[in-house]
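Asker: After the structure tokens below, expect a handful of questions from me.
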Amino acid sequence: MNSNMPEDKGFDQTLNVLKEGYDFVMSRNKALGSDVFETRILGEKTICLTGSRAAELFYDHTRFRRSDAAPKRVEKTLFGEGGVQGLDGEAHRHRKAMFMGLMGPDEMTEIGNMTKKYWKEYFEKRDPDEPVELYEAAKIVFLNVACEWAGVSLLGEDVEARAAEISDLYESPAALGLQHWRGRRSRSKAEDWIGGIVKDVRAGKIEADSGRALYQFAWHRDLAGELLDEDIVTVELLNLVRPMNANSVWVAMIGLALNEHQAEARKLKDADSEQMEWFIQEVRRYYPFFPFAVARVDMDFEWEGYTFKEGTLTLLDLYGTNRHPDDWVDPEVFMPERFDGWQQTPFNFVPQGGGSYDFGHRCAGEFITIVMIRETLNFLVNDLTFEFPPQDFGFEFNDIPAVPNDKIRIENFMLK
Ligand code: HEM
């Protein structure tokens with residue numbers, strides 16, 4: 001390769017990405033002793049970045065663009081086509097504001113209350129003699145929360161089937177073969193469902209509540225003053241419903257942490273909200289979820305003596321940045337108290353991306369995630385008694401998103 005960067009030698013590394021998953025960048029970062037290196041993935045020269053300094057570079061939108069960065073297989077399943085993730089500049093800022101306008105404190109309180117309500121309802125309806133898989137339960141609870149909050153009716157819908165369809169979108173992007181194709185099929189079905197609702201709102205057949213995302217997105221105007229295409233409104237509504245549903249992955253990891261780190265879990269019994277939050281943040285730091293953010297170099301530049309060539313695909317390793325020794329003491333230790341007095345920057349803790357919410361591509365729903373997971377943890381610790389039966393708590397590092405093999409089974413549960 002024709003550059004001055006440390007190089008991951010060998011042929012195309014796509015198979016190794018699939019084999020090593022979350023560890024791919026971190027293991028090479030250690031071997032090469034560099035937070036910046038060059039490799040070849042999906043037949044393309046690719047720069048890999050890790051750590052907060054490199055993250056700051058990655059989120060400089062004068063140097064990187066998103067428009068042609070996401071692989072097709074990710075657009076066809078996870079993101080959809082034409083959504084906010086692939087926009088740059090003014091168009092991005094305008095569209096992102098449509099999302100961020102929904103993320104105020106009142107909305108967070110409402111989402112917290114809904115999360116509590118639907119968890120309670122879920123367990124009231126369950127037979128206590130039947131074990132529950134927390135991961136699968138969370139998909140159903142969170143679909144209810146997401147749809148009620150966004151203004152999308154689930155009346156007459158098979159909620160379990162819809163939850164499975166939506167979860168296919170985030171379980172399939174990195175999968176091969178059948179599972180990947182199931183993801184594409186599920187995206188078509190989900191887009192038909194939400195697209196039909198958007199059409200009906202615009203035709204006046206459904207009266208949407210003006211405070212809800214369904215109304216806001218359906219009647220949003222772009223920079224030219226035009227309504228968005230119905231397909232784009234659909235993709236953006238799914239950019240709320242899908243990741244709210246995907247918070248179920250964090251629930252599985254919360255369950256894993258409660259079992260794996262029992263001394264820390266015991267402290268939660270009389271924890272205040274701050275200590276609860278430390279536990280949640282440590283789960284988001286310690287366990288893997290979203291592996292990389294992806295961009296392309298927008299124009300040639302030099303950084304710390306390295307040459308970045310226009311058009312080069314660039315990955316930021318999110319999991320590795322959260323475990324980078326320059327930013328984290330004993331990163332391999334699960335230690336919620338590390339967040340006591342911790343100094344956050346926009347780049348040192350990036351489970352859902354970094355940089356700016358309004359002007360960059362940082363996850364629009366990070367506050368929603370924290371609220372939903374906080375209410376879930378509260379519910380599991382204070383409102384429910386349960387036991388973990390013997391099961392396989394292991395997960396695979398190349399399974400993206402990683403979820404414990406038995407999906408965190410609980411039994412003998414009782415509402416307090
Ligand atoms: C389930 C947990 C979640 C994870 C792991 C996650 C992760 C991420 C990541 C890594 C990004 C991209 C960052 C980048 O490209 O630099 C992102 C962007 C985004 N997320 Fe999330 N997210 C989650 C939950 C949510 C929720 C609950 C919502 C909305 C309700 C949401 C909406 C979005 C949107 C709209 C973007 C695109 C932002 C942009 O391109 O400007 N996410 N998320």
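Asker: Lys/Arg Cβ at +1, Asp/Glu Cβ at -1, dipole of the range 14-415 taken about the Cα centre: which of 114, 255, 197 is farthest positive-ward?
Answerer: Farthest along the dipole direction, towards plus: 197.
Asker: Give me 357, 135 sorted ascending by neighbouring Cβ count inside 10 Å, so fewest comes first.
Answerer: Ordered by Cβ neighbours within 10 Å, fewest first: 357, 135.
Asker: While we're on this one: Pull out the extension gain between residue 223 and residue 90, defined as 0.36 nm times the separation in residues minus the alpha carbon to alpha carbon distance; nm, one decimal.
Answerer: Length difference between fully extended and current span is 47.1 nm.
Asker: Need one number: nm distance between label points at residue 385 and residue 45, each 7 Å from Cα along Cα→Cβ, rounded to one decimal.
Answerer: Reported label-point gap for residue 385 and residue 45 is 6.4 nm.
Asker: Here's a follow-up. Please compute the length gained on full extension between residue 199 and residue 416, using 0.36 nm multiplied by the number of residues separating them and subtracting their Cα-Cα distance.
Answerer: Here the answer is 73.7 nm.
Asker: Return the distance in nm (one decimal) between the two label points of a simple spin-label model at residue 161 and residue 399, each offset 7 Å from Cα along Cα→Cβ.
Answerer: Calculated label separation equals 2.7 nm.
Asker: Rounded to the nearest 0.05, what FRET efficiency do residue 176 and residue 303 have when you use their Cβ-Cβ distance and R0 = 41 Å?
Answerer: The computed FRET efficiency comes out at 0.75.
Asker: Something else about it: Give the percent of DSSP beta bridges with both residues in the chain that are antiparallel, rounded to the nearest 5. Each step should come with its number before you reach the end.
Answerer: Values: 22 of 28 bridges.
Bridges in the chain are about 80 percent antiparallel.
Asker: Taking Rh as the Kirkwood radius computed over C-alpha pairs, what is the Stokes-Einstein D of the chain at 20 °C in a medium of viscosity 1.002 mPa s, expressed in µm² per second? Please list the in-between numbers first.
Answerer: Values: Rh = 22.3 Å.
Reported coefficient: 96 µm²/s.
Asker: On to the next question. Based on the alpha-carbon gyration tensor of the range 123-275 and its eigenvalue square roots a ≥ b ≥ c, which shape applies: rounded if a/c is under 1.5, prolate if not and a/b is larger than b/c, or oblate?
Answerer: prolate
Asker: So how far apart, in nm, are the two label points at residue 267 and residue 209 if each is 7 Å from Cα heading toward Cβ?
Answerer: Once both label points are built, they end up 3.8 nm from each other.
Asker: Let me test this: with uniform point scatterers at the alpha carbons of the range 235-343, what is the Debye-based log₁₀ I(q)/I(0) at q = 0.15, 0.17, 0.22, 0.23 1/Å?
Answerer: -0.82, -0.95, -1.21, -1.26
Asker: Counting other beta carbons within 10 Å of each residue's own, what order do 98, 372 fall into, fewest first?
Answerer: Ordered by Cβ neighbours within 10 Å, fewest first: 98, 372.
Asker: Say the dipole of the range 39-194 comes from +1 at the beta carbon of Lys and Arg and -1 at that of Asp and Glu; which of 155, 87, 58 then lies farthest toward its positive end?
Answerer: Farthest towards the positive end: 58.
Each value in this text was obtained by applying a stated rule to the coordinates, not by laboratory testing. This is a predicted model, so every value here is computed, not measured. Note that each Cβ is placed from the backbone with ideal geometry, even for glycine, and that neighbours are counted across all protein chains shown.
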